[in-house]
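Colleague: Input: one structure, supplied below.
The values are calculated or read from the model by the stated rules, or taken from the named source; none is laboratory data. Predicted, not measured: the structure shown is a model, and the values here were computed from it. Don't worry about glycine lacking a Cβ; one is built from the backbone with ideal geometry, like all the others, and counts go over all protein chains shown. Please note that ligands, DNA and RNA were not included when accessible areas were found on the heavy atoms of the full protein model with its side chains. Shrake-Rupley method; radii C 1.70, N 1.55, O 1.52, S 1.80 Å.
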Amino acid sequence: MSTAKRPPLPVILLANDLLDGEVVFWTGTHWSPEPKDARIAHDDASATALEGAAAKALSANVVVDAYLVDITTDANGHGVPNHYREKIKTEGPSVRRDLGKQAGLYNIVRSGT
Amino acid sequence: MYRYDEFDARLVRERVAQFRDQVARRLDGSLSEDEFKPLRLKNGVYLQLHAYMLRIAVPYGTLSSRQLRQLALIGEKYDRGYGHFTTRTNMQFNWPRLRDVPEILDLLADVEMHCIQTSGNCIRNVTADHFAGIAADEIEDPRPTAELIRQWSSLHPEFDYLPRKFKIAVTGAEHDRAVVRAHDIGLRILRNAKGEIGYEVMVGGGLGRTPMIAKTIRSFLPKADLLAYLEAVLRVYNLEGRRDNKYKARVKIMVHEIGAEEFARRVEAEFARLDGPAIAADPEEVARIAAYFASPAYETLPARASGFEAAKAENRAFATWASVNLFTHKVPGYAAAVISLKGIGDAPGDITSAQMRVVADLAETYSLDELRITHAQNIVLPYVKKDDLFVVSQTLVEVGLATANAGLITDIIACPGLDYCSLATARSIPIAQALAHRFADEKRQLEIGELNIKISGCINACGHHHVGHIGILGLEKSGQESYQITLGGDATETAAIGEILGPGVPADDVPDAIERIVSVYLAQRTSGETFIEAVRRLGLAPFKAAFLEKTHAPA
């Protein structure tokens, strides 16, 4: 986990899977390739828990580049990143809607801790 | 083209085995990410936004059909069916899985390719004029020099941990098509008064956050002294280049800080100390390398190819393609054909596996089994008989690769930008697409003539925006993508850094802004004057005024 300042709440935790590079989201119990599975932290205590999960997963060599991303919840209660960079990271290339998560394509099949 | 000898082959295979072991140790946790990162970078593996990315070296942009077919296979089997050619003439795959990379490297080794030194603080892939060996203005083919440098710099123990990355480009022609003055070292092959062939050595060029045009530190270097002189340059830089600040670590900053004269003095002093003959490659080895680039056995053909002329007369689309995408070959009856990877609406430099196979087949049948990748992210078939060009172009039409826009306003260079790259601050590809659509009309493109637009999605300038006639730099401004426009850049022997026209504009406003700039040119050009010539004559003012018209207008 980087020592960068925590983004404004609410936040989710995302990372890239070590083996496949795929963007994955912390669900509270495991890493999922599906953005909608992301656990949303609305308060400091929950955000701290996400940071703890990131540190643990990084040291266990499960993921790389794990960090908190500030989001807004959509009508379904799913977190949508506020910044365009993480939006693209979560969806896939804006110039290739047939690729990435937006197309339902996932690199990985497993999603363990 | 060059073929590996037993030493090349062994070196590459050993490197694959070594990386396979490093990946295994990363995956079992023996190596941390901090330990592994420099190792993976030295083998071309990045972590991008959506996935890992693998950058494959295409030395001096030369590929055989077999190699391109292997890239097609890798794209299909381990990626998403396409690859991307970069401004450093490399190929990038955007979706490989880390666990598959050793297997991919083995497949590359099968066709004498590798990813060694395509990243990291070392000497990177050496680039050269994509019309090497075929241009009429060429003094000597730059590729034997580039290959010699590739061999000398590959795993060179002294230069494996430089202050920062180091890029070398070579041209053998009068007209610079390899952007040599934007490289850490640019080499230009030339002849001196005695008729001997040697090099002009330019140092300290580079784009990025501090763009600089390289300075000549030796106007004539005898050929035999090349490696010793390069060693002297690299040694001076390696010892004295700044390691305290990443942003000041490139050799261009050192050359700028101490001055080109002082830098040259230090290099010459080091050069005098070195045992030149011991460093120089064995003349036999130099001759062995050069032999691979000997002129092919051309047929004796009439300069005027009747079949070619007839096809142009009968087919207007072919005639247009031929007038725009062909480069004059030094041998009568032949032409070099530029295959544009800039179809209207395409991502610049992207090519599917299926297209790669078609291009590989064309090269095998019609271009002596060889093709070139250009820094402008296009492909060249270097040895096509003029009478074969119609068949070639018709095949290209079938796979959407016959866009007639080489060198025109829609032949846009663009880095992958934020659609893929984790360093990017804004997207590049959608801007290129919007501009291509705006200027898609063929007649209008021809009327505008030669105009290079180059787009980078961040200050690192992989899209060469500083040297674009029109440069576009994507930045972030208050949480939005914002594009800064520069004018007057030049990537040739008259290299220049473009100047900023005004405040950044949002993505949607970029096509209109470019339109206004182009309108000034069309209104004020003199007969036969190209865009960049008009910019030089008129200066920035009229373009700036037109650019600011809208920017400052009330919403």
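Colleague: Quantify how much of the Cα-Cα distance distribution of segment B:413-551 extends past 22 Å, in percent.
Modeller: More than 22 Å apart: 33 percent of the Cα pairs in segment B:413-551.
Colleague: Among B:P38, B:L63, B:T87, which residue has its Cα positioned farthest towards the positive end of the charge dipole of segment B:33-129, with +1 placed on the Cβ of Lys and Arg, -1 on the Cβ of Asp and Glu, and the dipole taken about the Cα centre?
Modeller: B:T87
Colleague: Take peptide A:87-100, look around each residue's Cβ out to 10 angstrom, count Cβ atoms belonging to other protein chains, and average those counts.
Modeller: 6
Colleague: Can you compute the FRET efficiency between A:T72 and B:R209 using 1/(1 + (r/R0)^6), with r the Cβ-Cβ distance and R0 = 41 Å? Round to the nearest 0.05.
Modeller: 0.80
Colleague: Here is a further query. Stick to the Cα atoms of segment B:432-484, pair each with every other, and give me the Kirkwood hydrodynamic radius in Å at one decimal.
Modeller: It works out to 12.1 Å.
Colleague: Follow-up. Rounded to whole Hz and in sequence order, give me ³J(HN,Hα) for segment B:374-383 from the Karplus expression 6.51 cos²θ - 1.76 cosθ + 1.60, θ = phi - 60°, writing x for Gly and Pro.
Modeller: These are the phi-based 3J(HN,Hα) values: 9, 5, 8, 6, 10, 10, 10, 9, x, 10 Hz.
Colleague: A follow-up question, please. With each pseudo-label sitting 7 Å past Cα toward Cβ, what's the A:K5-B:R444 distance in nm, one decimal?
Modeller: In this crude spin-label approximation the distance works out to 4.6 nm.
Colleague: When you take every Cα atom in the protein assembly as shown, what is the radius of gyration, and what is Dmax, the widest Cα pair distance, in Å?
Modeller: In order Rg, Dmax, the Cα atoms of the protein assembly as shown give 25.2, 81 Å.
Colleague: Please say if segment B:4-109 is rounded, prolate or oblate, where rounded means a/c under 1.5 for a ≥ b ≥ c the square roots of the C-alpha gyration tensor eigenvalues, and otherwise the choice is prolate for a/b larger than b/c and oblate otherwise?
Modeller: oblate
Colleague: B:K454: which aspartates and glutamates have alpha carbons under 13 Å from its alpha carbon, excluding same-chain residues fewer than 8 sequence positions away?
Modeller: B:D411, B:D490
Colleague: Follow-up. Within the accessible area of chain A, what % is carbon and sulfur when the probe is 1.4 Å and the other protein chains stay in place?
Modeller: That share works out to 53 percent.
Colleague: Starting from 0.36 nm per residue, how many nanometres of slack lie between B:A9 and B:E533 once their C-alpha separation is accounted for?
Modeller: 183.9 nm
Colleague: Which residues in segment B:494-524 have a backbone N closer than 15 Å to a point placed 7 Å from the Cα of B:S478 along the Cα-to-Cβ line?
Modeller: B:503-507
Colleague: Given 20 Å bins starting at zero, what is the percent of C-alpha pairs of chain B in each, up to the one with the largest pair distance?
Modeller: 21, 57, 21, 0
Colleague: Let me ask another. Find the cysteines in chain B that fail to meet the 4.7 Å Cβ criterion with every other cysteine, and list them.
Modeller: Taking the Cβ cut-off of 4.7 Å, the unpaired cysteines of chain B are B:C115, B:C122, B:C421, B:C458.
Colleague: For chain B, what does the accessible surface come to per residue with a 1.4 Å probe? Please give it in Å².
Modeller: For chain B, the per-residue accessible area is 38 Å².
Colleague: Determine the gain in length on full extension of the stretch B:E284-B:E262; use 0.36 nm per residue of separation and subtract their C-alpha separation, reporting nm with one decimal.
Modeller: 4.4 nm
Colleague: At 1.4 Å probe size, with every protein chain present, just tell me what the per residue accessible area of chain A comes to in Å².
Modeller: 44
Colleague: Mind checking Rg over Rh on segment B:308-463, alpha carbons, Kirkwood formula for Rh?
Modeller: Ratio of gyration radius to Kirkwood radius for segment B:308-463: 0.99.
Colleague: Oh, and also: Quick check: pseudo-label points 7 Å beyond the Cα along Cα→Cβ at B:Y247 and B:T494, how many nm apart are they?
Modeller: Between B:Y247 and B:T494, the simple spin-label model gives 3.3 nm.
Colleague: Considering the dipole of the protein assembly as shown built from charges on the beta carbon (Lys and Arg +1, Asp and Glu -1) around the Cα centre, which of B:L381, B:C115, B:L368 is farthest to its positive end?
Modeller: With unit charges placed on the Cβ atoms, the residue in question is B:C115.
Colleague: For chain A, just the Cα atoms, rotate onto the principal axes and tell me the three extents in Å, largest first.
Modeller: In descending order, the Cα extents are 37, 31, 23 Å.
Colleague: Further, regarding this structure: For chain B, what's the relative contact order in percent, using C-alpha pairs closer than 8 Å and at least 6 residues apart?
Modeller: In percent, rounded to a whole number, it is 12.
Colleague: For segment B:134-291, take every pair of Cα atoms, bin their distances at 10 Å starting from 0, and report each bin as a whole percent.
Modeller: Going out from 0 Å in 10 Å bins, segment B:134-291 shows 11, 41, 37, 11, 1 percent.
Colleague: Cα centroids of segment B:16-48 and segment B:439-496: how far apart, whole angstrom?
Modeller: That distance is 36 Å.
Colleague: With all protein chains present and a 1.4 Å probe, how do B:I448, B:I500 order by accessible area, largest first?
Modeller: Listed by decreasing accessible area, they come as B:I500, B:I448.
Colleague: What residues of segment A:29-73 lose no less than 30 Å² of accessible area with every protein chain in place versus their chain by itself (probe 1.4 Å, heavy atoms only)?
Modeller: Buried by 30 Å² or more upon assembly, which counts only protein chains, are A:N61, A:V64.
Colleague: For chains B and A, what's the summed buried accessible area, probe 1.4 Å, to the nearest 100 square angstrom?
Modeller: 2500
Colleague: Per-residue mean of other chain beta-carbon atoms within 10 angstrom of the beta-carbon, peptide B:41-50?
Modeller: The mean count of partner-chain Cβ atoms within 10 Å per residue comes to 4.
Colleague: Enumerate by residue number the trypsin sites (Lys or Arg not before Pro) in segment B:159-208 meeting two conditions: DSSP loop (anything except H, G, I, E, B), and at most 10 other Cβ atoms within 10 Å of the site's Cβ.
Modeller: B:K194
Colleague: For B:A354 and B:A303 in one chain, what is 0.36 nm times their gap in residues minus the Cα-Cα distance, to one decimal in nm?
Modeller: Contour length minus Cα-Cα distance gives 15.0 nm.
Colleague: As a quick test, which of the pairs B:K223/B:K252; B:K312/B:K443; A:K87/B:K342 have an alpha carbon distance above 21 angstrom in this structure?
Modeller: Over 21 Å apart, Cα to Cα: B:K223/B:K252; A:K87/B:K342.
Colleague: For the ranges B:137-146, A:65-74, what's the packing order if you count other beta-carbon atoms within 10 Å of each residue, average per peptide, and put the highest first?
Modeller: B:137-146, A:65-74
Colleague: Looking only at other chains, what is the average number of their beta-carbon atoms within 10 angstrom of each beta-carbon in B:76-85?
Modeller: Mean number of neighbouring Cβ atoms from other chains: 1.
Colleague: Label-point separation (nm) for B:R316 and B:D512, each offset 7 Å from Cα along Cα-to-Cβ?
Modeller: Going by the 7 Å Cα→Cβ label model, 3.3 nm.
Colleague: Using alpha-carbon pairs under 8 Å, 6+ residues apart, how would you state the relative contact order of segment B:306-398 in percent?
Modeller: Taking the mean separation of contacting Cα pairs over the length of segment B:306-398, I get 32 percent.
Colleague: Determine the distance separating the Cα centre of segment B:245-307 from the Cα centre of segment A:32-70; give it in Å without decimals.
Modeller: 50
Colleague: While we're here: Using r as the Cβ-Cβ distance of B:L540 and B:L423, and R0 as 30 Å, what FRET efficiency do you calculate, to the nearest 0.05?
Modeller: Plugging the Cβ-Cβ distance into 1/(1 + (r/R0)^6) gives 0.55.
Colleague: Could you pull out every one of the aspartates and glutamates with an alpha carbon less than 16 Å from that of B:K385, ignoring same-chain neighbours closer than 8 positions?
Modeller: Candidates past the 8-residue exclusion: B:E299, B:E309, B:D361, B:E364, B:D369, B:E370.
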